[in-house]
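*Asks:* If you scroll down you'll find the structure; I have some questions about it.
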Amino acid sequence: MPNTDISTDNYTFLQQHVYRESGIVLDDSKQYLLEARLTPIARREGVNTVNDLCNLLRAVARDDLRREVVEAMTTNETLFFRDLTPFDALKSTVLPALKERRATTRTLSVWSAAASTGQEAYSILMYLLESGFADWNIRLLGTDLSEQVLARAREGRYMQVEVGRGLPAPMLIKYFDRVGLEWQVKEELRKRIRFEQFDLRRPMVGKGPFDLIFCRNVLIYFDLETKERILTSMYRVLAPDGYLTLGAAESMLQMNTQFERTPIGKAAFYTKPGNAR
């Protein structure tokens, strides 16, 4: 039987590869995750172990394989209306404020910055439609590093177990069509979101200004310097009176940023100085 444990050298090689390509830091506790996610790729490539896959990555100049390895390690679980606290804050405070401030243009620009397979972006859109923005010009952008998950997001097609986690039944009936054993977001909703591949480390020139940015459960994977650089860029593309929200386990403590923390109910949003609620 071949030894399937990742060697120390290969684990370091993979950590460096993922960091170089995505900026994401894999600590020494992620060996099991690496093995679980990369073993299927190794077998599809005709080799037995992740160690063999590392040898293959070193030996051949294949951009598709290098990209697939990174995407396997950066794809994270998501679900509809994950962590309801920011959505409660949207309903109570953020959306009423933005509706008043944008009453003249009736245009709202929103960015789901770590969109994964699309549940967050579709959750935001459904919430906007339920909150009186149906006839507004909604510019909703969903981005992710992985083109593979974005393909799923564009299709908007989910298994029963996926729509059963967090999605209220009335919204499922109202905004989805049954397609065989799966559910698909109605076409008129899919047309209202633009999904595109984007590396958050890249310059954000040309994006925004955004009234609302959701950047949840992704900054935790970056080192401090990269986090600060991303947040500095997001500060520039956030509208002067816009709102940014991070994941429940994320904060800007000990970071050098210009954002002000704005608690709303149980949620924490971040705004530019002088942006009164």
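The values are calculated or read from the model by the stated rules, or taken from the named source; none is laboratory data. Please read all numbers here as calculations on a predicted model, not as lab measurements. Don't worry about glycine lacking a Cβ; one is built from the backbone with ideal geometry, like all the others, and counts go over all protein chains shown.
*Asks:* If we only count strands (runs of 3 or more DSSP E) wholly inside the stretch 147-217, which ones have 1 or more residues that are closer than 30 Å to ARG229 by Cβ?
*Replies:* It comes to 193-197, 210-215.
*Asks:* Given (1) part of a helix (DSSP H, G or I); (2) over 15 Å from VAL69 (Cβ atoms), where does ASP5 come up short, assuming only one miss?
*Replies:* Failed condition: (1).
*Asks:* Starting from the stretch 222-251, take each residue that is closer than 23 Å to LEU98 by Cβ and list its partners that are part of a helix (DSSP H, G or I) and charged (D, E, K, R), counting only C-beta distances under 7 angstrom and pairs at least six apart or across chains.
*Replies:* ASP241/ARG101
*Asks:* Give the number of residues within the stretch 248-274 that are surrounded by 18 or more Cβ atoms within 10 Å (Cβ to Cβ) and either at pLDDT 90 or above or over 14 Å from GLU228 (Cα atoms) (or both).
*Replies:* Looking only at that region, the number is 8.
*Asks:* Could you check the stretch 72-130 and list, in sequence order, the residues that are closer than 30 Å to ALA42 by Cβ, among the hydrophobic types (A, V, I, L, M, F, W, C) and assigned to a loop (DSSP other than H, G, I, E, B)?
*Replies:* Hits for the stretch 72-130 are LEU79, ALA114, ALA115.
*Asks:* Okay, moving on. Can you tell which of ILE124, ILE138 is surrounded by 21 or more Cβ atoms within 10 Å (Cβ to Cβ) and β-branched (Val, Ile, Thr)?
*Replies:* ILE124
*Asks:* Somewhere in the stretch 239-253, is a residue assigned to a strand (DSSP E or B), of a type in the set (A, V, I, L, M) and within 21 Å of THR85 (Cβ to Cβ)?
*Replies:* Yes, there is a match, as at least one residue in the stretch 239-253 is assigned to a strand (DSSP E or B), of a type in the set (A, V, I, L, M) and within 21 Å of THR85 (Cβ to Cβ).
*Asks:* Residues of the stretch 243-260 being touching a Phe, Trp or Tyr at 6+ places or on another chain (Cβ under 6 Å) and closer than 16 Å to LEU212 by Cβ, which ones?
*Replies:* Answer for the stretch 243-260, where residues must be touching a Phe, Trp or Tyr at 6+ places or on another chain (Cβ under 6 Å) and closer than 16 Å to LEU212 by Cβ: TYR243, LEU244, THR245, PHE259.
*Asks:* Kindly indicate the residue of the stretch 210-228 that is surrounded by 14 or more Cβ atoms within 10 Å (Cβ to Cβ), on the phi < 0 side of the Ramachandran plot and not hydrophobic (A, V, I, L, M, F, W, C) and also nearest to the chain's Cα centre (by Cα) among those meeting that condition.
*Replies:* ARG216
*Asks:* One residue is enough: does the stretch 84-104 have a residue meeting the conditions within 25 Å of ASP28 (Cβ to Cβ) and either modelled with pLDDT of 90 or more or surrounded by 21 or more Cβ atoms within 10 Å (Cβ to Cβ) (or both)?
*Replies:* Within the stretch 84-104 (the criterion being within 25 Å of ASP28 (Cβ to Cβ) and either modelled with pLDDT of 90 or more or surrounded by 21 or more Cβ atoms within 10 Å (Cβ to Cβ) (or both)), the answer is no, since none of the residues qualifies.
*Asks:* Condition test on THR4, is it more than 27 Å from the chain's Cα centre (by Cα), at pLDDT below 85 and surrounded by fewer than 18 Cβ atoms within 10 Å (Cβ to Cβ)?
*Replies:* Taking the combined requirement at face value, the residue satisfies it.
*Asks:* Kindly indicate which of VAL110, VAL149 is in contact with a Leu (Cβ under 6 Å, 6 or more places away or on another chain) and surrounded by 15 or more Cβ atoms within 10 Å (Cβ to Cβ).
*Replies:* Being in contact with a Leu (Cβ under 6 Å, 6 or more places away or on another chain) and surrounded by 15 or more Cβ atoms within 10 Å (Cβ to Cβ) holds for just one of VAL110, VAL149, which is VAL110.
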